[in-house]
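What follows is a single structure, written as C-alpha cells, with notes after it.
None of the figures in this text is laboratory data; all of them are computed from the coordinates on show. Note that the structure is predicted; figures quoted are calculated from it, not measured. Every residue, glycine as well, gets a Cβ built from its backbone with ideal geometry; the counts of neighbours run over all protein chains shown.
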Amino acid sequence: MLSLTAALLFAALPIAFQLRKRYAERTNLSFLSRYTALKHPEQLLFFAPIILISFMIAIKMDPGMVTLSWGIEGVMVIVLGLLASQRSYRITGLLLLLLCVGKIVFRDAWRLDERDRYITFIALGGALTLVSALYGRYREIVRRLL
C-alpha cells in the first residue's frame, strides 16, 4: 500500500511542476499561499514518497540489504535531480548516499556476515563511482544550477 502511495505521489510530480509555473507569475498571492505548497508544490510531492520509501526499506528489508537499497534509491534520486534540474533533489540523493556510508562504517562492517558485507561494499562503491561520473559529465549543468 505504501508503494502505491509513493508511486502516485511521484506520478503527480509533472502536474506539480506545471502548477509551479502557473503560480510563479502571480504576484498577488496571500502570505499563506506564497509560503506553502503553491510556491513549490513539487517539493511536497517529492519528499513525501522519498521518506515513505526510505522508511519502508528500513522496516521491511534484511539489515544487509537496507544499505544497498538506500544506495540504489540515492542514485535514482540524484539522476532524477539532474533530469529535473532540482538542487534539493540532488542534495537529498547525496544525503542518502552519505547515510549509506555512515551505516556501513558504524554498523554493517562489524555486524554483517561476510557475503552481505562484500555485496554492500561493492554496490555502494559502484554507486559512489557512478554519482562521481555523473557529476563529472554534467559539471557545467550542475554549476549553472547552483
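Points to keep in mind about this one:
- Using the Cβ-Cβ distance between R137 and K60 with R0 = 41 Å, the FRET efficiency computed as 1/(1 + (r/R0)^6) comes to roughly 0.75.
- Spacing of the modelled spin labels on L8 and R144, each 7 Å from Cα toward Cβ, amounts to 3.7 nm.
- Gyration tensor (alpha-carbon) shape descriptor, region 39-79, a/c threshold 1.5: oblate
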